[in-house]
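The values are calculated or read from the model by the stated rules, or taken from the named source; none is laboratory data. Because the structure is predicted, anything quoted here is derived from the model rather than measured. FYI the Cβ positions are ideal-geometry reconstructions off the backbone, even for glycines, and counts take in every protein chain you see. For accessibility, only protein heavy atoms count, side chains too; no ligands or nucleic acids. Shrake-Rupley method; radii C 1.70, N 1.55, O 1.52, S 1.80 Å.
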Amino acid sequence: MNRANRTRERGEGYRPFVRGMHWHPPPTALTPSAMALFPPSSCTRLVVKIGSALLVAPDGAVRREWLASLVADLAERHRAGQQVAIVSSGAIALGARRLGLPKGGRASLEDAQAAAATGQIALSQTWAELLGDQGITAAQMLVTLDDLEHRRRYLNAAATLGRLLGLGIVPVINENDSVATEEIRFGDNDRLAARIAQAAGAGGVVLLSDVDGLYDANPHTNPAARHIARVDAIDAVAGMADAGSASGMGSGGMVSKIAAARIATSAGAHLAIASGRIDHPLATEARHTLFVAAHAAPARKAWLAGGLTARGAIHVDAGAARALAGGGSLLAAGAVRVEGRFDRGDLVTIEGPGGTIARGLSEYDAADAARLLGRRSDEQATILGYAPRAALVHRNHLALL
């Protein structure tokens with residue numbers, strides 16, 4: 001592997017990927033009363049996600065007038081120098097109408113795949129026409145979970161996004177639901193938008209939805225629910241989330257939005273949940289919830305922390321958990337149990353006494369890792385029959401959650 005390829009694999013010196021790993025301080029304009037979210041002057045790259053219930057009417061037709069108002073907002077930002085990527089739901093809902101499928105095309109996996117294949121053409125045409133009316137060229141990117149979970153494919157996606165945005169193109173991104181399966185898919189475009197923001201190096205993410213942010217209870221069933229304008233610590237609000245989709249048309253709920261916020265903020269991107277039930281939703285002052293980004297992790301660790309799939313798990317004792325929190329590697333002496341079937345280099349979670357504490361790349365396959373559980377370093381060569389590695393998961397390939 002030559003030096004350029006090694007650099008790309010590490011995520012170092014690779015501008016389309018690393019640029020977003022710089023932390024962006026919260027823009028001063030982002031207050032509960034100022035809905036001009038992520039202005040171009042403070043956010044050079046923005047990802048906007050549009051939910052199915054906003055884009056598609058209950059009868060299955062595109063809400064074209066509303067969408068045109070959103071595109072006008074995007075065009076204004078584009079002319080001001082902001083680079084924008086769109087994550088657009090709606091393919092399944094549009095395809096279901098054209099095919100006459102029941103339950104919005106979600107009665108079965110086969111129906112959803114057929115609806116997605118049919119609806120994606122209509123969806124991409126609509127975006128291309130409306131953006132074209134504003135003098136903007138659109139591009140389509142369809143991705144699967146595997147495309148963003150495997151390191152090399154993730155870097156390829158990052159490179160494509162970076163080049164398109166640098167050329168002044170607006171990428172319109174969706175999950176490739178026509179080939180995705182129940183086992184290997186994002187399942188919602190909230191988390192996809194957060195991963196795209198990470199890959200594109202965006203400073204902000206806006207999730208346009210049929211709700212205007214996070215509440216301390218479900219506002220549809222509890223009139224006394226209190227709106228939360230700003231979140232600095234996601235763990236403090238995670239228990240408030242409802243898994244349901246208010247419209248019944250989409251696949252995400254507040255749980256998926258908080259999961260998206262965790263991914264985005266860990267990569268240095270602020271995330272806002274805002275209502276799209278108004279015209280010009282990116283230019284109109286309205287209530288929303290802002291999740292403030294933490295200082296971004298290095299590129300590789302941000303990718304590890306944002307991973308959604310793992311091949312297995314290594315359970316550790318309290319002592320090992322403390323060592324990891326202090327920046328150490330996971331040593332075999334502190335591991336107590338192995339789950340799953342994984343190979344060397346696969347992503348695994350590290351489970352402490354209180355739950356998941358980290359993600360990392362295993363230095364051993366599951367069988368050898370199980371043989372080393374609780375063993376000291378001076379015992380490992382005899383057990384394995386070859387020179388052991390320094391750790392089960394090295395700290396350079398580990399991200400705390």
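Scanning the stretch 116-139 for any residue that is part of a helix (DSSP H, G or I), touching an Asp or Glu at 6+ places or on another chain (Cβ under 7 Å), open to solvent by less than 40 Å² (accessible area, probe 1.4 Å) and touching a residue at least 12 places away in the same chain (Cβ under 8 Å) turns up at least one such residue.
Checking A91, A68, A75, A96 one by one, the residue that is free of Cβ contacts under 8 Å to residues at least 40 places away in the same chain and either farther than 16 Å from G204 by Cβ or out of contact with any strand residue (DSSP E or B) (no Cβ under 8 Å at 6 or more places or on another chain) (or both) is A96 and no other. Could you check, for the stretch 373-388, whether at least one of its residues is touching a Ser or Thr at 6+ places or on another chain (Cβ under 7 Å), under 18 Å from G319 (Cα atoms) and in the same structural domain as A320 (by the TED database)? No, there is no match, as no residue in the stretch 373-388 is touching a Ser or Thr at 6+ places or on another chain (Cβ under 7 Å), under 18 Å from G319 (Cα atoms) and in the same structural domain as A320 (by the TED database). Comparison of L398, L324 shows that the only residue that is in contact with a Ser or Thr (Cβ under 9 Å, 6 or more places away or on another chain) and in contact (Cβ under 8 Å) with a residue 40 or more places away in the chain is L398. In this structure, A61 does not qualify as buried (at least 18 other Cβ atoms within 10 Å of the Cβ), modelled with pLDDT under 95, in the same structural domain as L282 (by the TED database) and out of contact with any Leu (no Cβ under 8 Å at 6 or more places or on another chain). Restricting attention to the stretch 102-115 and to residues that are outside any helix (DSSP H, G or I) and out of contact with any helix residue (DSSP H, G or I) (no Cβ under 6 Å at 6 or more places or on another chain), the residue that is farthest from E65 (Cα to Cα) turns out to be S108.
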